[in-house]
Amino acid sequence: MKPAAFAVLRNLSDGDYHSGTALGQALRISRASVSNALRDLEQYGLVIHRVRGRGYRWLNPFQWLDSDQIRQHLDEMADEFQIETLEIAESTNSLLLQRSVEHDFPDQRCKQVVAAELQTGGRGRRGRSWLSGLGDSLTFSLLWPSKCTVHALSGLSLAVGLAIIRALTRIGVQGVALKWPNDVLFDTRKLAGVLIELHGDMLSPSTVIIGIGLNLKLSGGVRDRIDQAVTDIAGITDHMPDRNHLLALLLRELKAVLDVFEQQGFQPFQEEWMRYHAYQDRLVQIDFPDGTVKHGIASGVTPSGALQINTPAGMLHLNSGEVSLRGVA
């Protein structure tokens with residue numbers, strides 16, 4: 001995406017027509033630079049209307065993320081987080097992971113948060129890509145300087161999924177389910193995902209990077225590039241939430257979950273997670289990395305977050321997120 005595009009788009013956020021000359025004067029660039037900046041933005045899900053004699057109009061503007069507004073919504077909890085909003089990033093997880101390796105975070109008492117309007121190389125589980133357009137999702141990562149060892153983090157992605165459910169419930173979104181180990185679904189379609197990465201060794205406290213992608217209003221072009229069934233908030237509710245408010249709600253619920261998890265692990269969340277289990281008592285298929293395939297009935301999760309599958313050969317416990325799980329009709 002061209003460097004000047006974000007500056008031009010911010011000037012077009014009011015939804016009115018702006019001439020190329022006026023935009024160029026405001027930004028101290030040429031009319032040609034304005035035109036170049038707005039070229040090929042359709043691939044990011046944006047619709048720019050061009051009318052000779054009137055100029056440019058952005059037909060589907062989104063609400064920009066604003067760290068000050070997010071902190072206002074956090075209210076008394078604002079000091080718990082250091083929040084940075086970026087226009088573009090390859091991957092917010094990769095950025096925070098690099099900073100954790102370099103110890104480039106000024107206050108370890110705060111949870112570091114980086115949110116991006118556009119991720120060009122967003123990552124999901126098992127090496128998959130997380131695709132989104134510009135401003136059509138919430139894509140952010142949280143750096144948690146945990147006191148837990150790697151072994152004690154079993155079930156963390158499930159607990160984070162519950163934090164997402166709690167935040168969505170607070171804005172009136174109902175009927176959402178959880179797919180082990182890190183997906184949030186609505187009507188079997190993916191609404192949100194979690195990617196957790198660690199920096200540390202097995203016996204020492206770990207720095208945990210929690211990445212979350214939540215679909216808000218995906219364009220048709222973005223949907224066409226995604227190789228699985230997806231949905232978004234716009235498709236399941238009649239109102240779009242304030243992006244800054246929703247991000248603050250997610251951070252609030254994440255803090256509540258992480259505070260409990262750090263002391264007690266996943267066990268306090270086991271029963272609540274089961275209430276949202278998308279495949280509870282249903283036939284599922286498990287694909288293993290070596291090509292092995294097994295079928296069984298999903299029977300909930302253990303206190304450590306392992307998925308239990310009742311197979312003809314007996315009860316199977318899945319601890320690794322490297323398997324692929326799907327329902328069988």
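Quick notes
- Ser33 being touching a Pro at 6+ places or on another chain (Cβ under 8 Å) and either assigned to a helix (DSSP H, G or I) or of a type in the set (Ser, Thr, Tyr) (or both): no
- Residue count for the range 302-329, restricted to those that are under 27 Å from the mean Cα position of the chain (by Cα), part of a strand (DSSP E or B) and under 19 Å from Thr188 (Cβ atoms): 5
- Considering each residue of the range 121-131 in turn, none proves to be modelled with pLDDT of 95 or more, assigned to a helix (DSSP H, G or I) and under 30 Å from Ile309 (Cα atoms).
- Single unsatisfied condition, Thr237 versus (1) out of contact with any helix residue (DSSP H, G or I) (no Cβ under 6 Å at 6 or more places or on another chain); (2) assigned by TED's automatic domain parsing to the domain that holds Pro181; (3) touching a residue at least 12 places away in the same chain (Cβ under 8 Å); (4) under 21 Å from Ile210 (Cα atoms): (4)
- Residues that are more than 18 Å from the chain's Cα centre (by Cα) and over 16 Å from Pro145 (Cα atoms) number at least 2 in the following helices (runs of 4 or more DSSP H) confined to the range 166-272: 220-225.
- The single condition among (1) more than 21 Å from Met274 (Cβ to Cβ); (2) outside any strand (DSSP E or B); (3) among the hydrophobic types (A, V, I, L, M, F, W, C) that Trp144 does not satisfy is (2).
The values are calculated or read from the model by the stated rules, or taken from the named source; none is laboratory data. As the structure is a computational prediction, the values presented were derived from the model and not from experiment. With ideal geometry, Cβ positions are generated from the backbone for all residues, glycine too; neighbour counts draw on all protein chains shown.
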